[in-house]
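Single-structure report; data block below.
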Amino acid sequence: MSGDKMEVELAEQKLKTMEHSEQHYFKSYDHHGIHEEMLKDEVRTRSYMNAIVQNKHIFKDKVVLDVGCGTGILSMFAAKSGAKHVIGVDMSTIIFKAREIVKVNGLSDKITLIQGKMEEIELPFPQVDIIISEWMGYFLLYESMLDTVLYARDKYLVKDGLIFPDKATIFFAGIEDGDYKEEKIGFWDNVYGFDYSPLKATALSEPLVDTVDLKAVVTDPVPVLTLDLYTCTTADLAFNTPFTLTAKRDDFIHALVSWFDIDFTACHKPIRFSTGPHTKYTHWKQTVFYIEDVLTVQNGEEVQCKLDVKPNDKNRRDLDIEVDYSFQVNDATRNASGHSAYKMC
Amino acid sequence: MSARSESGSSSATSSVSDEGEWLDVENDEESITIVSLFDSQTFSSWNEMLDSCKKHHDFDFIATIKNLQLDFHGAVKLVNYIRSRVRDQQPVAKNLTLTDFEDDGYFKPVLENDALIVSLDEILDSDLVKADTTASQLNSSQGELLAQKQALEAELESVRTQFSNYRLAVQETLDRRWGDDTEQSPAKGAVRGDRGNYYFESYAYNEIHETMLKDTVRTDAYRDFIYNNKHIFKGKVVLDIGCGSGILSMFCAKAGAARVIAVDNSDIIKKATENIFNNGLSDIITCVKGAIEEVKLPVDEVDIIVSEWMGYCLLYEAMLPSVLYARDRYLKPDGLLVPSSGTIWMAPIQDTEYMSEHISYWRDVYGFDMKAMQEGIYDDVRVEAMPQNTLCGEPYPFKVLDLQTIKPEELSFTARWESKLLRRPDGLDGFLIWFDNFFATSRSEPVPEPTTTPEVFVKAKNGNVAFTTGPSGIVTHWKQGLLLVPPENPPSKLELPETISGQITFAALEENARALRIDVTCSSESKEGKKWSWKLE
């Protein structure tokens, strides 16, 4: 315990020397609240549990690396599934709690927990057979740990090693969201009788993380990015792509909504979960991007869009997102096109 | 979650505030450092600097002033013209003409606190320049020159204000405009969804202000007090401390205040300045960026101080000392504080559902024991909105803060509390803390008794406003402070009717003055005392 205490102090000291933005990222995970929220996200935790404990034949006698282990839940699933050894790595001081938890559950000899940055620490095994990680952030990529997972893959994963999960797909759709757009954006037009429009531009440039009702979805969903975790690189995290949204009824489009699906294809029976509006709530909710125009669309009509996503130059954990949209039909009064720039920070 | 703590934690970029610059220009000419017009070299007197410009850059500042017969105005523009050319790496012609720097934009200083501009009076007044100036000026008495200087400075200020308004106007025009500008009523009700408080403290720049503005209990109280008491505000000088997006300042301006000074240490003040301009209130409201203890206000005293300074458990974030500083420094003896007082309450609680959902939960997480996560649960104040039926004893008002008289050192205190049990709890889960705020219409009105509720206070006098953040009222963004105590083993059976009592201490944390430490002791007739301590940081 006293050794741990010294380590905690050292870790805290080290955190203090980091850039403020980085510090915030790591420290914000120390709070219980976020771990409670993540663990209580049943879709998330249960999917990982099923992917691991239903595949004991895959995990048996394997060396497993858990990237960003948090409270250690995934490491413990892996140990329970017969892994030879599990290494959990996390930068946050939550790992000292994880160590206590692992001990209380009698798994200390199966699980080694290391506090530090993946890029800076040394693992007790030169290679690992399986990488497990819950690295996803809002909009999949915001504050995500994917770059760390890819680093660990390239440095430690044996040839033909497995990654859980190994596939991620981002989707977009158009939504009718007049009331809420009014509440979030229109609010600034009249605040207790005052014009607050300077805050409106800011409000529009901030994607909104919230739950969207399935009934609000006006178009078919379109995948805009699929990441194969065995082959993708950090360069793939900046991407641009055109996509077309097709209206499936007569309605208005006030915003675009985005979500992601996660696949564990290495499982005996593939496991997938979605964070979309069509399925159960997750703590990732969905991400809403309000556009300037209101598009009046008829069933079957198409909106041409272009998406550009890249990490912010100054802070790689922030995302710069741009959307171009163009809606051209025979009825000129309904034509509209525009460009929106968003920042997740 | 209050705006003033947000300073800079979000994506806002820093830039110099106009107000700050202006205030600083008034510095006296004691020991000065003058930056050369043409490079970064500095001099301790203007003579040396101008000599150097002549020698090394072949530019005769005095001669230019004389040739163009520049007055103070003209000289200010000349300085800023040259400095802007040099900054932009543009050449400065030897034979400048008046048209080169006729643009009023050159009233805006290129250098902050430009000592050369401060010295211009002296330069224009010196023999070098005076030798050739007109007879009338030569004959002017010292007094006339001083008067002239003051008039010119006043004119300069007005030009600068106009310029900054103009700049804002341009910005506004360039801003993206919306299709529909139809009239809308402000949205009511709770914010949909609940973004993680932890992860995204820095997520949204607007979020905190949106949350506060949409906290209708809070914002309506200020609005109602200010708009229903226009006679109090009419013609008065008002100071708004921690103005945020500027809403309270604008209420005061609309209510007829002669002048409002809005002070905030956060970058949000830039948005406040724009909001105020867009609402045509720039001539009444002056925005000043900085800590109230450090900024120089354009007035020596004010009639009214308006501030939304309240934090979690009322005193978290310690903004009240700043209000008290301003009270002692700026408020007239008969001046009004808005709000005028606050009462802090506590009550014992028992909530089996909450405890099992958030505390016992950790004993079985997907089959694993995570009791390690419970650590700290009994050490930190949790900010939660709890239902009224959580209370298992009568609430007790343990502290009244009279803002007119309270001293900063009295914000750390120990008070007695007691509570008659309302039902028979099998063990106490902890305590709940909340506060009421009172807005009295005059300084002579007595501070409400501890037990006075907002409803009673509002009915007592026309114009009075009050609200509660307690579990009996509408949920506010302050919610309540939840202090959990570790379970007893075996649980103590409290008997009815029984009164439990003890002491409660509020103190600043040693390591972080903005944080709060709360200690509670508790004993009942049948049991000996217990003592706990929590932190809110």
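Values quoted throughout were computed directly from the atomic coordinates according to the rules given, and no laboratory measurement underlies them. None of the values given here were measured: they were computed from a predicted structure. Note that we place each Cβ from the backbone using ideal geometry, even for glycine, and neighbour counts take in every protein chain shown.
Give the residue list of trypsin sites (Lys or Arg not before Pro) in the stretch B:390-425 that are DSSP loop and have at most 11 other beta-carbon atoms within 10 angstrom.
Numbers: sites: B:Lys399, B:Arg416, B:Lys420, B:Arg423; in loops: B:Arg423.
Listed in order of number, the matching sites are B:Arg423.
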Hand me the GluC sites (Glu not before Pro) from the stretch B:30-120 located in a DSSP loop with no more than 16 other Cβ atoms within 10 Å, in residue order please.
-> B:Glu30, B:Glu102, B:Glu112
Mean other chain Cβ within 10 Å across A:34-42 is 4
The stretch B:430-537: relative contact order from alpha carbon pairs under 8 Å, six or more residues apart, as a whole percent, is 20 percent
Report Rg (one decimal) and Dmax (nearest whole number) for the stretch B:73-120, counting Cα atoms only, units Å.
-> 10.1, 27
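Across the residues of B:295-307, average count of Cβ atoms on other protein chains within 10 Å?
Across B:295-307, the average partner-chain Cβ count within 10 Å equals 0.
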Count, for each residue of A:179-191, the Cβ atoms from other chains sitting within 10 Å of its Cβ, then give me the mean as a whole number.
-> 6
P(r) histogram, all alpha-carbon pairs of chain A included - 20 Å bins from 0, percent = 28, 52, 18, 1
Dipole in debye (nearest 20) - chain A, about Cα centre, beta carbon charges: Lys, Arg +1; Asp, Glu -1 = 1480 debye
Percent of Cα pairs exceeding the 23 Å cut-off, where the set is the stretch A:168-344 | 45 percent
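Among rounded, prolate and oblate, which fits the stretch B:205-248 when a ≥ b ≥ c are the square roots of the eigenvalues of its C-alpha gyration tensor, a/c under 1.5 means rounded, and a/b larger than b/c means prolate?
Since a/c reaches 1.5 but b/c is at least a/b, the shape of the stretch B:205-248 is classed as oblate.
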The stretch A:64-196: spread of alpha-carbon positions along the three principal axes, whole Å, largest first, is 64, 33, 28
Coil-residue trypsin sites (Lys or Arg not before Pro) of the stretch B:210-266, DSSP, other Cβ within 10 Å capped at 11 = B:Lys234
Which is the longest run of chain A containing none of the GluC sites (Glu not before Pro) found in DSSP loop states (not H, G, I, E, B) with at most 15 other C-beta atoms within 10 Å?
-> A:123-345
Hull surface divided by four, with the convex hull built on the Cα atoms of the stretch B:364-471: how many nm²?
-> 10.2 nm²
Expressed as cubic angstrom per residue, what is the convex hull volume of the alpha carbon set of the stretch B:341-537?
-> 140 Å³
Peptide ranges B:430-442, B:509-521 listed from the most packed, as the mean C-beta count within 10 angstrom indicates | B:430-442, B:509-521
Entries of B:Lys234/B:Lys289; A:Lys80/A:Lys155; A:Lys184/B:Lys108; A:Lys117/A:Lys167; B:Lys459/B:Lys530; B:Lys296/B:Lys479 with Cα pairs more than 28 Å apart = A:Lys184/B:Lys108; B:Lys459/B:Lys530; B:Lys296/B:Lys479
